[in-house]
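Only the coordinates and a few stated rules stand behind these numbers; no lab work does. The shown structure was predicted, so the numbers you read here are calculated from the model rather than taken from an experiment. Methodologically, a virtual Cβ is constructed for each residue, glycine included, from the backbone with ideal geometry; neighbour enumeration extends over all protein chains shown.
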Amino acid sequence: MPYRYQEGLTFLELIIVLTLIGMLVVLTINLFTRYQANQMLRLTEEEIKSTIVEARRNARVGVNGSKHGIYFDSANGAYTLFSGEDFAHRNVQYDFIHTWNKGLVTYQGPSEMVFSALKATTSPVTIQLTDSTGKQRVININELGSIQ
């Protein structure tokens, strides 16, 4: 008895299905990459804000009887919470180093910010963080050391 319909896929149908699957995979990878970059940007922003608050608090309560500040090393994707007059004249034993993924987040801003002892004042600072997709976050610190 002859077959009226052949079962199976034609080569064209197979190519179409594989193309659609490939497009879905590329779309999924693209969305995941953007999500990862956005989350890294958000996390880096929150960690820097937290470190700024800690440096300001340490200066205000007079920890070690000195100024406190943050030094940003954007080339290496790191920033250091320090105790001392400035980063060059700091007490190294009180350094606390933080890092971020410099491949996903870039930093633009001053290399150093210092809070005065007891008053916790600083020069106004603007920090700009940019992720690998071009999305930006801005952190503004006023002369009183408050994050705006």
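If packing is taken as the average number of other Cβ atoms within 10 Å across a peptide's residues, how do 28-34, 78-84, 46-52, 95-101 rank, most packed first? Intermediate values should be presented prior to the final figure.
On the way: 28-34: 11.1, 78-84: 21.0, 46-52: 16.7, 95-101: 14.9.
Per-residue mean Cβ counts within 10 Å order the peptides as 78-84, 46-52, 95-101, 28-34.
If the viscosity is 1.002 mPa s and the temperature 20 °C, what translational diffusion coefficient in µm²/s does Stokes-Einstein give for the chain when Rh comes from Kirkwood over Cα pairs? Roughly 118 µm²/s, to the nearest whole number. Straight-line cross-link reach from Lys102 at under 22 Å between alpha-carbon atoms covers these lysines, not counting any fewer than eight positions away in the same chain: Lys49, Lys135.
Determine the gain in length on full extension of the stretch Gln93-Ser123; use 0.36 nm per residue of separation and subtract their C-alpha separation, reporting nm with one decimal.
On the way: separation 30, 0.36 × 30 = 10.80 nm, distance 2.54 nm.
Between Gln93 and Ser123, full extension yields an extra 8.3 nm.
Remark: segment 57-120 projects, on average over all directions, an area of 4.3 nm² (convex hull of Cα atoms).
Relative contact order (percent) for the chain, with alpha-carbon contacts under 8 angstrom and 6 or more residues of separation?
Numbers: 239 pairs, mean separation 30.4, N = 148.
21 percent.
Compute the projected area of the convex hull of the Cα atoms of segment 108-148, averaged over all viewing directions, and report it in nm² to one decimal place.
Details: hull surface 12.0 nm².
For the Cα atoms of segment 108-148, the hull's average projected area reads 3.0 nm².
Computed per residue of the chain from DSSP H runs no shorter than four, each worth -39500 (n - 2.57), the mean residue ellipticity at 222 nm is -13000 deg cm²/dmol.
Calculated FRET efficiency, Lys102 to Leu14, Cβ-Cβ distance, R0 = 41 Å: about 0.40 to the nearest 0.05.
Highest first, please rank the peptides 13-22, 36-45 by the mean number of other Cβ atoms sitting within 10 Å of their residues. Don't skip to the answer; put the middle values down first.
Details: 13-22: 10.5, 36-45: 17.4.
Descending mean neighbour count gives 36-45, 13-22.
Quick one, what does Rg over Rh come out to for segment 83-141 if you take C-alpha atoms and the Kirkwood Rh?
Numbers: Rg = 14.0 Å, Rh = 13.5 Å.
A ratio of 1.04.
Arg60 sits among other residues whose Cβ lies under 12 Å from its own Cβ, and their net charge, with Lys and Arg +1 and Asp and Glu -1, is +3.
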